[in-house]
Each structure stands twice: as C-alpha cells, then as structure tokens.
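Here the structure is laid out as structure tokens; the discussion comes afterwards.
The values are calculated or read from the model by the stated rules, or taken from the named source; none is laboratory data. These figures come from a predicted structure and were not determined experimentally. Cβ placement follows ideal geometry from the backbone for every residue including glycine, while neighbour counts extend to all protein chains displayed. With ligands, DNA and RNA removed, areas are computed over all heavy atoms of the protein, side chains included. Shrake-Rupley method; radii C 1.70, N 1.55, O 1.52, S 1.80 Å.
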Amino acid sequence: MTGPERAPVRAPDALAPLFAHHPQLLPLLRDARVGLQSLSGLTPERVELVTLAALLAIGAPPESFYVHVTRARELGLPESEVWGVLEALAVIVGIPRLVNAVPPVAAALAAVRTEGKSDDRP
C-alpha cells in the first residue's frame, strides 16, 4: 500500500481493491487494531507472538505470516520464539495447518536473515 504507515504492520496487497473502493476503511481498521492492542496491555512483542498463533490457528495466507514474522524479528524476537509458536500449537492446530504455515514462516525468517537481522537471542 502507498502512503505513510500509521501502524507498524503494512496492509496486505490483496486488500488493495477493497481499500480503493472504501479509502476510509484502511485507517479505520488500523486505528481499531492499534487501539485494541494498546488496551490489551501486551507488549508489541507479545502481540506479534499472539498474532502468529492466531494466524496459524485460522490457516492464514502466506503473506500474513510474512508480514508478522518480519515484524516480530524487527521487534527483536529471536527465531526460536517464532518457531516456538508453531511448535507449541502443533498438537492443537494439527499437521495440515503446520504444512501451510512452515514454508512462509521459513521464507520470512530467511528474508530477515538476508537483510542482516539474524542475531538470535538464546
């Protein structure tokens, strides 16, 4: 999406036609997300881990994983915690959800590593 981002996570390109139809929708959704996350009392890092868990649980598209894995790493979360979300939920969500999630998570982690952000905390 074009224009300055008011929130740290960019809108998926797949939603561009909807936002073109209703330009006021994007800022409304962002404001709601930022407001609700603020009310939650969770740190931005925890919000990203919870988001990854939810994406895994609903079988989200690869682009969603990419955006949130990248954001998690930008916030300083180690790769081990990103993988830990998938590992912790494997039995709950099942193998088919893992099969869908692992490739985009691995691709996002590799992309972040390529950009020089591969420092993984123990």
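Restricting the first member to the stretch 23-38 and to residues that are free of Cβ contacts under 8 Å to residues at least 12 places away in the same chain and under 19 Å from Asp13 (Cβ atoms), and the second to residues that are exposed (fewer than 10 other Cβ atoms within 10 Å of the Cβ) and among the β-branched types (Val, Ile, Thr), no beta-carbon pair is closer than 8 Å while six or more apart or on different chains. A single entry from Ala53, Ala60 fulfils the requirement of being closer than 26 Å to Thr114 by Cα, assigned to a loop (DSSP other than H, G, I, E, B) and out of contact with any Cys (no Cβ under 9 Å at 6 or more places or on another chain): Ala60. Residue by residue through the stretch 63-99, note down the ones that are touching an Asp or Glu at 6+ places or on another chain (Cβ under 8 Å), over 21 Å from Pro12 (Cβ atoms) and acidic (Asp, Glu). Within the stretch 63-99, Glu79 is the sole residue that qualifies.
Only residues that are within 15 Å of Ala54 (Cβ to Cβ) and small (Gly, Ala, Ser) were counted in the stretch 65-83, giving 1.
For the stretch 46-59, indicate whether the set of residues that are hydroxyl-bearing (Ser, Thr, Tyr), open to solvent by 50 Å² or more (accessible area, probe 1.4 Å) and at pLDDT 90 or above is non-empty. No, the stretch 46-59 has no match at all. Once the stretch 63-122 is narrowed to residues that are hydroxyl-bearing (Ser, Thr, Tyr) and surrounded by 14 or more Cβ atoms within 10 Å (Cβ to Cβ), the residue that is nearest to Thr43 (Cα to Cα) is Thr70.
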